[in-house]
Each structure stands twice: as C-alpha cells, then as structure tokens.
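The values are calculated or read from the model by the stated rules, or taken from the named source; none is laboratory data. These numbers were taken from a predicted model, which means no experiment stands behind them. Methodologically, a virtual Cβ is constructed for each residue, glycine included, from the backbone with ideal geometry; neighbour enumeration extends over all protein chains shown. What goes into the accessible areas is simple: the full protein's heavy atoms, side chains included, and nothing from ligands, DNA or RNA. Shrake-Rupley method; radii C 1.70, N 1.55, O 1.52, S 1.80 Å.
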Protein chains: 4
Amino acid sequence: MMAAPFRTTRLVEFHDTDMAGIMHFASFFHYMESAEHELIRSTGFSVHSTFEGQTLSFPRVAVSCQFHSPARSEEVLDIAIRITRLGESSVTYDFEFTHEGRAVAQGEMTSVCCRIDPNQPLAAVPIPTEVAEKLKPYVV
Amino acid sequence: MMAAPFRTTRLVEFHDTDMAGIMHFASFFHYMESAEHELIRSTGFSVHSTFEGQTLSFPRVAVSCQFHSPARSEEVLDIAIRITRLGESSVTYDFEFTHEGRAVAQGEMTSVCCRIDPNQPLAAVPIPTEVAEKLKPYVV
Amino acid sequence: MMAAPFRTTRLVEFHDTDMAGIMHFASFFHYMESAEHELIRSTGFSVHSTFEGQTLSFPRVAVSCQFHSPARSEEVLDIAIRITRLGESSVTYDFEFTHEGRAVAQGEMTSVCCRIDPNQPLAAVPIPTEVAEKLKPYVV
Amino acid sequence: MMAAPFRTTRLVEFHDTDMAGIMHFASFFHYMESAEHELIRSTGFSVHSTFEGQTLSFPRVAVSCQFHSPARSEEVLDIAIRITRLGESSVTYDFEFTHEGRAVAQGEMTSVCCRIDPNQPLAAVPIPTEVAEKLKPYVV
C-alpha cells in the first residue's frame with residue numbers, strides 16, 4: 001500500500017519571478033523548504049527546535065530539482081511531499097510540483113538533523129524518536 | 001589534457017545566511033547562476049540577449065547541489081566552473097565551491113537556450129554558434 | 001468613518017531569517033508586496049495584467065519601513081493594509097505588521113501604474129478606472 | 001568640508017530581476033546592506049562580531065528607498081555611502097545608486113548596534129569606540 005503524500009499549495013509570488021517572465025528556478029528550493037516545514041509543523045514540531053537543551057536544525061546535504069514547465073506569477077502550485085528515505089539522522093523528501101494537473105517540477109532534498117551550537121561545528125545527531133514516529137506515515 | 005576551469009570568487013553575504021548561522025542552501029544556486037553569467041560575459045555575450053531579433057535566455061532544466069561544509073557570512077568562496085556537456089541547445093555546468101581549500105559544495109546545472117516570447121511557450125533553440133565556440137574551452 | 005483595512009496573514013519562513021536569528025529586514029518588502037497583490041487579486045485584477053492590449057505593472061517609486069520588534073521563524077504575522085493616497089497613476093499603501101498584538105513593523109509603499117514594454121522605457125499611465133474603483137474602499 | 005563618501009559597485013544579478021524586466025525593488029536593500037558591510041569591513045571590523053565576549057550585530061530600525069529609474073540585469077551600479085548621523089548606538093547611512101551617471105535610487109538605513117543572545121531580547125548597546133572612530137570619516 002502506498003502512503004498518501006503530504007499535500008500543500010503555494011501561490012507563485014511576483015518577487016520570485018525573473019526577467020524571463022517565469023518563476024526563478026532557485027525559488028523552488030524556498031518553496032520546497034517551506035512545504036517541508038509545514039509537514040514538520042503538522043506533526044507538532046518545528047524544523048528549528050530545542051530538545052533536551054540542544055538546539056536542533058535540519059541543514060541539507062543534497063538537493064536537486066528537474067524543471068518540466070515554467071511556473072508563472074500568481075499561479076497556485078500543488079505540492080505533494082513523500083519521504084523516500086528516513087534514516088537515523090537524515091530524511092530524504094521528494095517534492096512534486098504541479099499546476100492544474102500539469103507537471104511543473106520535481107525536487108529532492110536530503111536534510112540531516114544537526115545540533116546547532118554557534119561555537120562548534122555542525123554535528124549530526126539522531127532524529128528525536130517522537131519526530132521520526134510522526135514522519136513515518138509519509139515514507140513511501 | 002584537462003581544460004582549465006573558469007574561476008571566480010564570491011563573498012558570502014549576510015542576507016544569504018539563515019538562523020542556523022550559515023549560508024542558506026538555496027543561495028548557492030544564486031551564486032552558481034551569477035558565476036555562470038560571469039563566464040558567459042567573459043565570452044562577450046550575455047545570458048539574456050537578442051540574437052537576430054530573438055530574445056534568448058537560458059532557463060534551467062535540472063540542477064543539483066551537494067553540501068560538504070557550511071559557508072559563513074563574509075567568507076570568500078572560490079568557485080571553479082567546468083562544462084561537463086555542451087549539447088546543441090543545452091549546457092551542463094559543474095560548480096565546485098571551496099573556502100581556503102576546504103570543500104564547501106558541489107553543484108550541477110543544466111541550462112537550455114530558449115527563445116523568450118511573452119506570448120508563446122518557451123521553445124528550445126540551438127545555442128548561437130559564436131557563443132558555443134566560446135564555451136568550448138571550458139568543456140572537460 | 002474610517003475605512004476597514006484589508007487584512008491578511010503571513011507565516012515567517014525560515015529562508016527569510018538571517019544569522020541574527022530573526023527575519024531579515026528586506027524580506028518585509030517581499031511580504032508587503034505579496035499582501036498588496038493579494039489585495040489587488042481580491043478585487044478581481046492582477047498586479048501584472050493586460051488591459052486593452054497593454055501590459056500594465058506597478059513598479060514602486062518609494063518604500064519605507066520602521067521595525068519595532070523582531071519577527072521570528074514560523075511566527076504568523078498579521079498584516080493590515082490601508083491606502084493613504086490614491087492618485088491618478090499611483091497608490092500609496094500603509095502596512096502594519098503585528099504578531100499576537102505586538103507591533104512588529106510599519107511599512108509604506110508607493111506604486112505607480114506603468115505600461116511595460118520590453119523595447120521602451122517604463123511609462124506611467126492612469127490606473128484603469130475599474131481597478132481604482134475597487135481600491136477606493138481601502139482609502140483612509 | 002564635505003567628507004568623501006565610501007564608494008563601491010555592484011553588478012545587477014539576474015535573480016534580482018522580476019517579470020517586469022527590471023531589478024526588483026526589495027533587492028536594493030540587499031545591495032545597500034552588502035555595501036554597508038563592505039564599508040565596515042574596510043575599517044577592519046565585521047557587521048556581526050564578538051567584542052569582549054558579546055556577539056554584536058546591527059539590526060535595522062528604519063529603512064527607505066526612492067526609485068528614480070530602473071536598474072537592469074548586468075548593469076554595474078555605482079554606490080556612494082555617506083553617514084548622515086552617527087549616534088551612540090545607531091548609524092544612519094545614505095546610499096546613492098547611479099548607473100553611468102544616471103540616478104537610479106536613493107536609500108537610507110538606520111542600523112542599531114545590538115547585543116545578540118539567542119536566549120534574550122535584542123538590546124541596543126554603544127557602538128564599540130574603535131568602530132565608531134573608523135566610521136567618522138564618512139559622516140557628512
């Protein structure tokens with residue numbers, strides 16, 4: 001049985017367009033990130049949180065995107081998120097962007113749960129169990 | 001014989017950092033694009049130009065980036081660009097970001113030469129011969 | 001009688017924060033613009049439209065913002081928009097940002113209705129009557 | 001005698017343009033900030049530094065910009081910065097953007113020296129004397 005994806009929408013904002021008249025490709029990563037954070041909020045957590053006295057955040061180790069057709073200002077994009085891999089410290093998300101059924105873009109993002117300490121290098125730590133549990137339903 | 005890459009540098013700007021204290025991952029794509037455009041300007045052309053009455057631009061069809069270590073505000077990043085594929089209409093660039101010898105990120109971007117007409121869909125067209133000639137020295 | 005403002009909300013996105021841990025000041029202008037566009041959409045028009053064969057857009061001639069308290073990632077900002085001046089070609093908006101009743105920022109933006117033609121300079125033109133009519137209820 | 005302004009340049013980047021074909025107005029604030037930081041670096045300091053064990057940064061309390069003519073992709077903007085007020089904790093900068101002598105924009109930004117502590121509200125503190133001394137030559 002396939003898990004149902006997490007679904008959200010996003011209106012293409014004017015400031016995300018460029019002089020070619022279309023949404024700038026780099027802004028798709030902003031939209032992916034905000035959709036990822038919405039998914040995490042829906043589980044009752046935040047992407048940048050304090051757990052047992054440690055600040056945790058989810059920097060990315062790898063991202064990619066294929067662009068199938070342009071997105072234009074004020075179009076509403078449908079975004080479907082699936083988790084393609086849930087590791088001990090990392091999560092890999094797949095993002096499918098469509099507009100009225102037309103394929104717009106497909107992205108992938110791998111985020112790693114890290115301890116954030118301004119005086120130390122980033123260090124990967126296990127995803128808190130209660131967060132991982134809430135992500136499982138989206139694992140394909 | 002390996003072709004020499006095109007080399008440039010980029011200072012990490014404050015507005016490109018995020019609350020985790022490091023450069024936001026999506027901004028690497030802005031830096032890649034600006035480096036790509038600098039390469040194209042160095043050949044005497046522009047990424048968004050008029051050729052024989054047509055407006056040409058280079059939207060992307062695929063991009064990716066792996067992040068090896070964080071970049072921080074006001075660090076100067078060294079960027080080396082190589083062309084890994086030069087097709088009839090498309091160019092694939094490889095971007096290597098380092099800071100004082102430390103690996104920061106490795107990106108890839110495939111851009112397609114397109115005719116831009118506000119009243120028509122994007123259409124791929126051959127890269128003008130004189131531009132393609134100038135890109136060849138960077139092909140690996 | 002005071003006109004009721006146009007009201008909307010905006011979640012502070014992670015990519016809009018900076019290494020000081022707060023929303024970057026320049027992103028307030030993105031949020032103002034998106035709120036302005038939402039107001040215009042609510043009237044049945046778009047900020048970048050074709051009227052009688054001309055492409056119209058609303059570039060800004062003056063903007064400002066005062067910052068009263070920081071906005072943080074994932075806070076929901078309440079935005080109230082009032083029109084403080086509706087001229088023949090220009091609109092001046094006042095934006096009030098609050099979070100749970102706390103004053104966050106106050107912005108102002110003057111936009112001018114312009115004909116957009118890639119081959120000609122920007123030229124101010126009267127705001128189409130039907131658009132101006134729909135903006136009047138928000139004039140203070 | 002008028003103080004000489006601090007001068008720098010900035011190439012308009014493609015990702016800072018929008019579908020109206022011109023540089024997006026909000027990006028002028030990014031360019032102002034980066035120019036401000038370049039001025040501060042030229043004095044031997046950084047906009048986000050540790051002084052006597054405290055992290056200091058310069059959030060803004062007020063910014064504004066008037067736009068005189070559009071800036072376009074790959075134009076080189078000349079930026080002249082003058083300090084119009086140097087207070088105990090705050091600095092007000094004036095930014096003049098020109099392109100080949102043509103007036104493009106004029107901005108103003110007031111930054112306040114603040115102690116940054118993730119666990120406490122922002123608190124204004126005096127600008128370190130050695131920094132203030134280096135800024136004085138740019139006071140009009």
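For D:VAL76, the requirement of being open to solvent by less than 10 Å² (accessible area, probe 1.4 Å), in contact with an Asp or Glu (Cβ under 9 Å, 6 or more places away or on another chain) and under 16 Å from D:GLU13 (Cα atoms) is not met. Of all the criteria given as (1) touching a His at 6+ places or on another chain (Cβ under 6 Å); (2) at pLDDT 95 or above; (3) hydrophobic (A, V, I, L, M, F, W, C), the one not satisfied by C:PHE67 is (1).
Here is the figure for segment B:14-33: residues that are under 21 Å from D:ARG72 (Cα atoms), open to solvent by less than 20 Å² (accessible area, probe 1.4 Å) and either hydroxyl-bearing (Ser, Thr, Tyr) or in contact with a helix residue (DSSP H, G or I) (Cβ under 9 Å, 6 or more places away or on another chain) (or both) total 4. Of the residues making up segment D:44-68, those that are in contact (Cβ under 8 Å) with a residue 24 or more places away in the chain and either among the hydroxyl-bearing types (Ser, Thr, Tyr) or more than 22 Å from C:PHE67 (Cβ to Cβ) (or both) number 7.
Selection of segment A:44-66 for residues being surrounded by fewer than 20 Cβ atoms within 10 Å (Cβ to Cβ) and in contact with a Pro (Cβ under 9 Å, 6 or more places away or on another chain) yields A:PHE45, A:SER49, A:PHE51, A:GLU52, A:THR55, A:PRO59. Working only within segment C:103-129, note down all residues that are in a strand (DSSP E or B) and not β-branched (Val, Ile, Thr). Those that are in a strand (DSSP E or B) and not β-branched (Val, Ile, Thr): C:ALA103, C:ALA105, C:GLN106, C:GLY107, C:GLU108, C:MET109, C:SER111, C:CYS114, C:ARG115, C:ALA123, C:ALA124. What is the number of the single condition among (1) farther than 30 Å from B:ILE116 by Cβ; (2) modelled with pLDDT of 95 or more; (3) within 14 Å of chain B (Cβ to nearest Cβ) that A:THR50 does not meet? A:THR50 satisfies every listed condition except (2).
Could you go through segment B:89-102 and let me know if any residue there is aromatic (Phe, Trp, Tyr), under 27 Å from C:ASP18 (Cα atoms) and not in a loop (DSSP other than H, G, I, E, B).
Checked segment B:89-102: at least one residue is aromatic (Phe, Trp, Tyr), under 27 Å from C:ASP18 (Cα atoms) and not in a loop (DSSP other than H, G, I, E, B).
Results for (1) under 19 Å from D:ALA62 (Cβ atoms); (2) open to solvent by less than 20 Å² (accessible area, probe 1.4 Å); (3) more than 15 Å from the chain's Cα centre (by Cα), shown as yes or no for each residue.
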{"position": "D:ARG82", "(1), (2), (3)": "yes, no, no"}
{"position": "D:ALA105", "(1), (2), (3)": "yes, yes, no"}
{"position": "D:SER111", "(1), (2), (3)": "yes, yes, no"}
{"position": "D:CYS114", "(1), (2), (3)": "yes, yes, yes"}
{"position": "D:ALA124", "(1), (2), (3)": "yes, no, yes"}
{"position": "D:THR129", "(1), (2), (3)": "no, no, yes"}
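So, C:ALA62, is that one within 11 Å of chain D (Cβ to nearest Cβ) and within 13 Å of the chain's Cα centre (by Cα) or not? It is true that C:ALA62 is within 11 Å of chain D (Cβ to nearest Cβ) and within 13 Å of the chain's Cα centre (by Cα). Assuming D:SER90 fulfils every condition listed in (1) small (Gly, Ala, Ser); (2) within 12 Å of chain C (Cβ to nearest Cβ); (3) touching a Ser or Thr at 6+ places or on another chain (Cβ under 7 Å) apart from one, which condition is it? The single condition D:SER90 does not satisfy is (2). Would you say D:SER69 is within 10 Å of chain C (Cβ to nearest Cβ) and surrounded by fewer than 18 Cβ atoms within 10 Å (Cβ to Cβ)? Here the answer is yes, as D:SER69 does meet what is asked.
Each residue in segment B:9-57 was checked for being part of a loop (DSSP other than H, G, I, E, B), among the β-branched types (Val, Ile, Thr) and out of contact with any His (no Cβ under 8 Å at 6 or more places or on another chain), and 3 pass. What are the residues in segment A:18-43 that are touching a residue at least 12 places away in the same chain (Cβ under 8 Å) and more than 9 Å from chain B (Cβ to nearest Cβ), if any? A:MET23, A:TYR31, A:SER34, A:ALA35, A:GLU36, A:GLU38, A:LEU39, A:ILE40, A:SER42, A:THR43 - these are the residues of segment A:18-43 that are touching a residue at least 12 places away in the same chain (Cβ under 8 Å) and more than 9 Å from chain B (Cβ to nearest Cβ). Reported count of residues in segment B:1-17, each being modelled with pLDDT under 95 and touching a Phe, Trp or Tyr at 6+ places or on another chain (Cβ under 7 Å), is 1.
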